[in-house]
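Trainee: First the structure, which I've put down as structure tokens, then a few questions once you've had a look.
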Amino acid sequence: MRVLIVSDTHKKHENLITIMEKERPFDRMIHLGDAEGYEDYIAELAGCPLDIVAGNNDFFSDLPREDEILLEGHKIMVTHGHNYGVSMDLYGVSEEAAARGCEIVCFGHTHKPVVEKKNGVLVINPGSLSFPRQEGRRPSYAVMELYKGEEPEIEIRYL
């Protein structure tokens with residue numbers, strides 16, 4: 001299963017459209033918040049199942065604050081991350097995911113891409129397609145390949 005992971009699009013969709021065209025086909029898409037009211041538009045663009053959660057800028061949103069999904073036998077926690085102090089460190093979000101029995105946690109909020117193991121959990125932040133904050137400030141996203149019984153393969157990609 002090929003999963004496209006994005007976050008923090010903040011009403012700017014040019015780069016989102018570009019990467020969707022570039023990365024097709026993908027089987028599922030995960031958006032980690034700060035869609036700012038454009039979740040239906042993003043779902044239409046995706047053209048596949050979309051998992052999306054509310055970010056700190058998704059005011060008055062009916063989106064869930066976080067979710068747990070099972071893909072190809074891999075239990076994944078999906079959250080924006082701002083409620084777990086991800087701007088300071090990855091301890092809180094990785095501990096919560098571990099406590100829930102998740103082997104992967106995907107989050108956004110910091111606008112900085114990360115892929116690392118923390119507390120036995122694979123921690124993924126795709127960065128931001130609209131307002132990157134890491135050195136070089138290149139828009140980023142992640143592509144995850146999942147197969148039953150195999151280790152997930154994650155790659156951060158840049159525009």
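The values are calculated or read from the model by the stated rules, or taken from the named source; none is laboratory data. Keep in mind the model is a prediction, meaning the values are calculated, not measured. Quick reminder, even Gly has a Cβ in these numbers, built from the backbone with ideal geometry, and neighbours come from all protein chains shown. Keep in mind that these areas ignore ligands, DNA and RNA; they rest on the heavy atoms of the full protein, side chains included. Shrake-Rupley method; radii C 1.70, N 1.55, O 1.52, S 1.80 Å.
Trainee: Specify the residue with the greatest mean-square fluctuation among PRO113, PRO25, PRO132, computed from a Gaussian network of the chain linking alpha-carbon atoms under 10 Å apart.
Mentor: Result: PRO25 has the largest fluctuation of those listed.
Trainee: Sticking with this one: Amide H neighbours of VAL114 under 5 Å, counting only residues 5+ apart in sequence or on other chains, H built in-plane at 1.01 Å?
Mentor: ASN125, GLY127
Trainee: Setting aside same-chain residues fewer than 8 positions from LYS117, which lysines have a Cα under 19 Å from its Cα?
Mentor: LYS75
Trainee: Semi-axes, largest first, in whole Å: what does sqrt of 5 times each Cα gyration tensor eigenvalue give for the chain?
Mentor: Result for the chain: semi-axes of 21, 18, 16 Å.
Trainee: Counting only heavy atoms of protein chains, what accessible area per residue, in Å², does region 1-107 have with a probe of 1.4 Å?
Mentor: That works out to 45 Å² for each residue.
Trainee: Using a 1.4 Å probe on the protein heavy atoms, what percent of the accessible area of the chain belongs to carbon and sulfur?
Mentor: 46 percent
Trainee: Give me the distance between the Cα centres of region 86-107 and region 1-28, rounded to whole Å.
Mentor: Cα centroid of region 86-107 versus Cα centroid of region 1-28: 23 Å apart.
Trainee: Size of the dipole of the chain about the Cα centre, Lys and Arg at +1 and Asp and Glu at -1 on the beta carbon, nothing else charged, in debye to 20?
Mentor: The dipole of the chain has a size of about 420 debye.
Trainee: Here is a follow-up. Considering the dipole of the chain built from charges on the beta carbon (Lys and Arg +1, Asp and Glu -1) around the Cα centre, which of PRO25, LEU63, GLN134 is farthest to its positive end?
Mentor: Going by the charge dipole, the pick is GLN134.
Trainee: Just PHE60, PHE107, PHE26 to compare: in a GNM of the chain, with alpha carbon springs under 10 Å, which one fluctuates most?
Mentor: The residue with the greatest mean-square fluctuation here is PHE60.
Trainee: Right, something else. Place a +1 charge on the Cβ of each Lys and Arg in region 109-159 and a -1 charge on the Cβ of each Asp and Glu, then give the dipole magnitude about the Cα centre in debye, rounded to the nearest 20.
Mentor: My answer is approximately 320 debye.
Trainee: Indicate the gyration tensor shape class of region 62-122 (rounded, prolate or oblate), computed on the Cα atoms with a ≥ b ≥ c the square roots of the eigenvalues: a/c under 1.5 is rounded; otherwise a/b larger than b/c is prolate and the rest oblate.
Mentor: oblate
Trainee: A further question on this structure: Given a cut-off of 26 Å, name the pairs among LYS11/LYS118; LYS11/LYS112; LYS12/LYS118; LYS12/LYS112 whose C-alpha atoms lie farther apart than that in the structure shown.
Mentor: From the list (LYS11/LYS118; LYS11/LYS112; LYS12/LYS118; LYS12/LYS112), the Cα-Cα distance tops 26 Å for LYS11/LYS118; LYS12/LYS118.
Trainee: Return the distance in nm (one decimal) between the two label points of a simple spin-label model at GLU44 and GLU153, each offset 7 Å from Cα along Cα→Cβ.
Mentor: Computed distance between label sites GLU44 and GLU153 equals 3.4 nm.
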